[in-house]
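The values are calculated or read from the model by the stated rules, or taken from the named source; none is laboratory data. Note that the coordinates shown come from a computational prediction; the quantities given were computed from them, not determined experimentally. So basically every Cβ, Gly included, is an ideal-geometry build from the backbone, and we count neighbours across all protein chains shown.
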């Protein structure tokens, strides 16, 4: 490590005397404090009207929704121009997460055009280098989005017509280059190889299959989308007559990572992920803001639709699989768990104690069951955090253990000591 290279400082630190420890027979805190939330830094949040009433230097503070629309957009632009690639490829499912990523790229295009209109020669030069045309001058964000962003709806027999239509409508309103494909033949080919070797055919749960058969059939669909995403990212600029390739964008959020509700090496695995540090609830607020500000009406339908992975068979042509039912918890609950776990340093027992007064609509037994279920899922799926796609660090509640949340990735999912303490309480 870098620190170990400076031997003198290392030896000096090792030889320093430890701080004295004095044992006392009293405490500075009360046991009841465990039910209180820790004090977080106070955010300064002025509105424009409040600015006009103050004599202090004018510093512009953005709302969380504005930050999401701009910060990841700048991050993506910086990554793109330094990567020497020709744009982005995004699997667009028609859900909140992938739609948020698409809107962030569109926001990036708007900011680029604004800077070029202001006469920023460096931004113009970067755009021309990316598209491979020294005479190209973008004047319309939608046209630039069509040049830089390729989206693809990867449907299967388990996909609904509604999600396909929502993806196409959003793509049309932001102007990106959109494709719609069916990947059933690729999935069938992979399963045929297994069937040839095993002489057995896995079935979905609704067709009489076991839970592991059901999960395996879901995972092969998800992983095939990642394989096809990289294939299309490499070749779509060749199809469009441009040099280079595309960066693959991921679209998994904080809550899915925390709960482990994603497939290892599916569309969550990509080159970069602009929303990997943002919770589902914050993304929903961002889409409402973005839709109202820029007139993207397709986002209303996306927000109204129940989140679904669409990896299990449809029922009478309608979606039968709902994320929150599969997870056993709501995204709102997940957002609360995530903030308590990271911002308030809560483990199972202290989270239970803090949630009792917060969730007074639930009995202590119900709170205990919810906390235990969350931490079991958290422990079982923690290994997935080791392969998360690099993301834009946006919030303190991020569970990214490669960059902002250094923790072990193998836990004892029984949490015996903590769960026993909850039961005793």
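A few points about this structure:
- Flag for residue 93 being in a helix (DSSP H, G or I) and under 30 Å from residue 319 (Cα atoms): no
- Residue 105 satisfies every condition listed in (1) over 30 Å from residue 217 (Cα atoms); (2) within 19 Å of the chain's Cα centre (by Cα); (3) surrounded by fewer than 23 Cβ atoms within 10 Å (Cβ to Cβ) except (3).
- Tally, over segment 212-263, of residues that are outside any loop (DSSP other than H, G, I, E, B), farther than 24 Å from residue 313 by Cα and in contact (Cβ under 8 Å) with a residue 24 or more places away in the chain: 11
- None of 191, 217, 170, 148 is crowded, with 21+ Cβ neighbours inside 10 Å, out of contact with any strand residue (DSSP E or B) (no Cβ under 6 Å at 6 or more places or on another chain) and over 29 Å from residue 299 (Cβ atoms) except 217.
- Residue that is surrounded by fewer than 12 Cβ atoms within 10 Å (Cβ to Cβ) and either farther than 21 Å from residue 282 by Cα or at pLDDT below 95 (or both), where the choices are 128, 122, 85: 122
- Within this structure, residue 296 passes the test of being over 18 Å from the mean Cα position of the chain (by Cα), at pLDDT 90 or above and surrounded by 20 or more Cβ atoms within 10 Å (Cβ to Cβ).
- Pairs with Cβ under 7 Å, 6+ apart, first in segment 324-340 and touching a residue at least 40 places away in the same chain (Cβ under 8 Å) and at negative phi, second surrounded by fewer than 18 Cβ atoms within 10 Å (Cβ to Cβ) and part of a helix (DSSP H, G or I): 329/373; 331/324
- Breaking point among (1) under 28 Å from residue 340 (Cα atoms); (2) modelled with pLDDT of 95 or more; (3) touching a strand residue (DSSP E or B) at 6+ places or on another chain (Cβ under 7 Å); (4) buried (at least 23 other Cβ atoms within 10 Å of the Cβ), for residue 272: (4)
- Among the residues of segment 365-389, those identified as touching a residue at least 60 places away in the same chain (Cβ under 8 Å), touching a helix residue (DSSP H, G or I) at 6+ places or on another chain (Cβ under 9 Å) and either surrounded by fewer than 19 Cβ atoms within 10 Å (Cβ to Cβ) or assigned to a helix (DSSP H, G or I) (or both) are 374, 377, 378, 381, 384, 385.
- Just so you know, in segment 60-82 the residues that are more than 17 Å from the chain's Cα centre (by Cα) and modelled with pLDDT under 95 include one that is surrounded by the fewest Cβ atoms within 10 Å (Cβ to Cβ), and it is 60.
- Pairs meeting the criteria (first residue in segment 288-299 and free of Cβ contacts under 8 Å to residues at least 24 places away in the same chain, second residue part of a loop (DSSP other than H, G, I, E, B), beta carbons under 7 Å, at least 6 apart or on different chains) are 291/297.
Okay, residues lined up against (1) assigned to a loop (DSSP other than H, G, I, E, B); (2) in contact with a strand residue (DSSP E or B) (Cβ under 6 Å, 6 or more places away or on another chain); (3) at pLDDT 65 or above; (4) exposed (fewer than 10 other Cβ atoms within 10 Å of the Cβ):
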{"site": "20", "(1), (2), (3), (4)": "yes, no, yes, yes"}
{"site": "26", "(1), (2), (3), (4)": "yes, no, yes, yes"}
{"site": "33", "(1), (2), (3), (4)": "no, no, yes, no"}
{"site": "39", "(1), (2), (3), (4)": "yes, no, yes, yes"}
{"site": "43", "(1), (2), (3), (4)": "yes, no, no, yes"}
{"site": "46", "(1), (2), (3), (4)": "yes, no, no, no"}
{"site": "55", "(1), (2), (3), (4)": "yes, no, no, yes"}
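- Total residues in segment 233-255, condition touching a strand residue (DSSP E or B) at 6+ places or on another chain (Cβ under 8 Å) and surrounded by fewer than 20 Cβ atoms within 10 Å (Cβ to Cβ): 3
- Residue ID - surrounded by the fewest Cβ atoms within 10 Å (Cβ to Cβ), chosen from residues in segment 350-363 that are more than 23 Å from residue 254 (Cβ to Cβ) and in contact (Cβ under 8 Å) with a residue 12 or more places away in the chain: 357
- Complete set of residues in segment 282-323 that are in a helix (DSSP H, G or I) and either in contact with a strand residue (DSSP E or B) (Cβ under 7 Å, 6 or more places away or on another chain) or within 22 Å of residue 222 (Cβ to Cβ) (or both): 283, 302, 323
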